[in-house]
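I have placed the structure first, in the form of structure tokens, so that the comments after it can refer back to it.
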Amino acid sequence: MTEESREVEVRGMDPWGLRRVEQLLQTVEGVNSLKLVPDERGGIDEIHVLSSSSLGAKQIVRNIESALLAQFGLQVDHRKISIAQVKDQGIPLAEVVAQAEAAAEAPPTARRLVIEGFQLERHAGEHVVCRVELRAGENSYEGEATGPDYVRSRLEIAAQAVLNALGKVADGKASFAIEGVTQIELFNRDLVIAMVQAFAGRRPVTLPGIAEIRDSIEESVVYACLNAANRWIGNLPEPGE
């Protein structure tokens, strides 16, 4: 089979072509669940993976690249592959989702923060600037992050912007880092799951957050990260205490 015919097989038989790719990747070591995002021609634009494997993210990416090349002769840029890992927690995916949804549905008294503003600026395909504004009562907190303009980076930049704002809310009492973010399909809905690490003492706490994708995946990442941290950060002492 020539390279051209392979491309037609994968791209020209959508959705069956993509279904075959999805079935293959579900057998790859390190892949628990995944979401394929097609491009305008029916090919693969993004691959989002959730993993609980002990393998590193780079190894999982290489496994995916090798499987696609061997089976379909298809080369996918590694930057299109996003890996979210929950391996250190030993928590089943269903439980991660349940915890995240519980955080998202917390009563208003437990949700100190709301998103007041979100802005994503893309500069000629070179770099991205994301700005997030959070509000708690009369107080406003802004976070900003920048980085290269490609799929996986934009998700991480959006996450970092809201975490930078959360750091200002914590006022030195805690810091935050993104452990992973991915897109999945669950119950016929497109969702973003974010795993946030909160540091307030010697041992970090892992906080799962979830949000349904509505206007943009980057904005949904911001909501997922906020859902992850909102109840936890509400237990921190107020500034000055």
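The values are calculated or read from the model by the stated rules, or taken from the named source; none is laboratory data. Owing to the predicted nature of the structure, the values given are computational and were not obtained by experimental measurement. FYI the Cβ positions are ideal-geometry reconstructions off the backbone, even for glycines, and counts take in every protein chain you see. Heavy atoms of the whole protein, side chains included, go into the accessibility calculation; ligands, DNA and RNA do not. Shrake-Rupley method; radii C 1.70, N 1.55, O 1.52, S 1.80 Å.
Quote the FRET efficiency, to the nearest 0.05, computed for ILE115 versus LYS173 with a Förster distance R0 of 25 Å and r equal to the Cβ-Cβ distance.
After rounding, the FRET efficiency stands at 0.70.
Can you give me the distance in nm between label points at ALA70 and ARG202, each placed 7 Å from the Cα along the Cα-to-Cβ direction?
4.4 nm
Just the number, please: carbon plus sulfur as a percent of the accessible area of region 180-238, 1.4 Å probe, no ligands or DNA/RNA counted.
Carbon and sulfur together cover 42 percent of it.
Pull out the extension gain between ASP190 and ARG135, defined as 0.36 nm times the separation in residues minus the alpha carbon to alpha carbon distance; nm, one decimal.
Extra length from ASP190 to ARG135 when fully extended: 17.1 nm.
Nearest 0.05, what FRET efficiency do ARG19 and GLN59 give at R0 = 22 Å with Cβ-Cβ as r?
Result of the calculation: an efficiency of 0.30.
What does the charge add up to near CYS225, with Lys and Arg as +1, Asp and Glu as -1, over the other residues with Cβ less than 12 Å from its Cβ?
-4
Counting only residues 5 or more places away or on other chains, whose amide H sits under 5 Å from the amide H of ILE44 once H atoms are built in the peptide plane?
The answer is ASP39.
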